[in-house]
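See structure below.
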């Protein structure tokens, strides 16, 4: 049988632990709920201009435009870029949203062009093309930001949903598709990971990256 002092110490320890959990959770709620970096701060204008140029040249073929863009950046052929893309993991993000502002910028460009019309520029799921009966994911909910802060998002699930689509079959943009259309045949694997990298980035990184680009 434990003495009163031992019981009191155990109780105090548990109270302290739960107070710590509450404090950490509150900090995450108010410190992280701002969500993904605002597009205008996350995007390097040069990245947007280059991707749009290649996208126009490829008649809107996202995968082809990205291959041509990266071929120029990496001094390789578009075919080599796509071959390498086929070897990328579909479960592990090769980019680090907390330490790679270049990847975040490119991901933000791709998000703006391919995703914002449904998910919105602010990533709250209220873009002009979203369907009222099938709302797009709001990436600024507490739990989404908690995942992004502690686990840097849910990359496997997000990759699968972007690649394969999700939700009921609906009439969307003149064709039959899932409420969340599949992009697996429209975007390269690297493009999908870059979009996810943008969604994993935090506001606190945006000002620092913006200042570094201006210096």
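The values are calculated or read from the model by the stated rules, or taken from the named source; none is laboratory data. Keep in mind it's a predicted model, so treat the numbers as computed, not measured. Note: ideal-geometry Cβ built from the backbone for every residue, glycine included; neighbour counts use all protein chains shown.
Return yes or no: is residue 35 touching a helix residue (DSSP H, G or I) at 6+ places or on another chain (Cβ under 9 Å), modelled with pLDDT under 90 and in a loop (DSSP other than H, G, I, E, B)? Show your work before the answer.
Working: touching a helix residue (DSSP H, G or I) at 6+ places or on another chain (Cβ under 9 Å): yes; modelled with pLDDT under 90: yes; in a loop (DSSP other than H, G, I, E, B): yes.
Considered against the rule, which asks whether it is touching a helix residue (DSSP H, G or I) at 6+ places or on another chain (Cβ under 9 Å), modelled with pLDDT under 90 and in a loop (DSSP other than H, G, I, E, B), residue 35 comes out as yes.
Screening residue 106 on (1) in contact (Cβ under 8 Å) with a residue 40 or more places away in the chain; (2) within 19 Å of residue 144 (Cβ to Cβ) shows it passes everything except condition (2).
When 107, 16 are checked against the criterion of being assigned to a helix (DSSP H, G or I), closer than 27 Å to residue 134 by Cβ and either outside the structural domain of residue 142 (by TED's automatic domain parsing) or at pLDDT 95 or above (or both), 107 stands alone in meeting it.
Table: residues versus (1) touching a strand residue (DSSP E or B) at 6+ places or on another chain (Cβ under 9 Å); (2) modelled with pLDDT of 90 or more.
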position: 144; (1), (2): no, no
position: 155; (1), (2): no, no
position: 160; (1), (2): yes, yes
position: 168; (1), (2): yes, yes
position: 192; (1), (2): no, yes
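Residues of region 118-141 that are touching a residue at least 40 places away in the same chain (Cβ under 8 Å) and in contact with a helix residue (DSSP H, G or I) (Cβ under 6 Å, 6 or more places away or on another chain): 121, 129, 136, 139. The helices (runs of 4 or more DSSP H) located wholly in region 139-201 that include 2 or more residues which are within 29 Å of residue 74 (Cα to Cα) occupy 155-164, 189-200.
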